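The values are calculated or read from the model by the stated rules, or taken from the named source; none is laboratory data. Everything numeric here is computed off the predicted structure, so don't read it as measured data. Positions of Cβ are generated from backbone atoms using ideal geometry, with glycine treated the same way; all protein chains shown enter the neighbour counts.
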Amino acid sequence: MSKNDNASFDTTLHVYEHCLCFAAQRAARALARRFDEALRPVGLTSGQFSLLTSLNRAEPPSIGSVAALLVMDRTTLTANLKPLERRGLVTIGVDPADRRGRRLTLTGAGRRLLRSALPIWRRTHAEIEERLIQTDAKVLRTGLRALA
């Protein structure tokens, strides 16, 4: 093994200061933690809030379309749906157009919970955007969406 194969602490600092993936992971964990704490009074995590929001549509979406929207594999999505289904917030039904497929429906209880969570989300989101004093939040969102 050559001397150049060993990562120095300077290399670690360089990665820390420049790596977009590292920065995005840290930010995602911090944001999720903040929203988890804020949404705790209504019994939701940030991931569950995002999932319920993704189901809030005029027509029940397919598992595949929700998985694509959330950039999540179908197996992980199905696992994340189970607790919401047990709580009566979501139903998973057969797709009438293709009996092999499944459609996801936000129940009345799910809609009510989402409605009660939205003011918390709005307040928390506004607080976070205020912390982005010298960052254009719209430009940041556009860049993050381009990566997804």
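Taking the residues in the range 64-111 that are of a type in the set (D, E, K, R) and surrounded by 13 or more Cβ atoms within 10 Å (Cβ to Cβ) as candidates, determine which candidate is modelled with the lowest pLDDT.
That would be Asp95.
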Exactly one of Arg34, Arg29 is outside any loop (DSSP other than H, G, I, E, B), of a type in the set (Lys, Arg) and surrounded by 14 or more Cβ atoms within 10 Å (Cβ to Cβ), and that one is Arg34
With the first residue restricted to the range 121-140 and required to be under 17 Å from Val42 (Cβ atoms), and the second required to be not polar (S, T, N, Q), Cβ contacts under 7 Å at 6 or more apart or on different chains are Trp121/Phe49; Thr124/Arg34; Thr124/Phe35; Thr124/Ala38
By residue number, the members of the range 116-143 that are closer than 26 Å to Val90 by Cβ and surrounded by 12 or more Cβ atoms within 10 Å (Cβ to Cβ) are Ser116, Ala117, Leu118, Ile120, Trp121, Thr124, His125
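Quick one: is Ala58 in a loop (DSSP other than H, G, I, E, B), at pLDDT below 95 and not β-branched (Val, Ile, Thr)? Before you say what the answer is, go through the steps one by one.
On the way: in a loop (DSSP other than H, G, I, E, B): yes; at pLDDT below 95: yes; not β-branched (Val, Ile, Thr): yes.
Yes; evaluated as a whole, the condition is true for this residue.
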Just one listed residue, out of Leu52, Leu44, is modelled with pLDDT of 95 or more, in a loop (DSSP other than H, G, I, E, B) and within 30 Å of Pro119 (Cβ to Cβ), and it is Leu44
Self-check item: Phe22 vs. criteria without any contact (Cβ under 8 Å) to a residue 24 or more places away in the chain and of a type in the set (Phe, Trp, Tyr)
Solution: yes
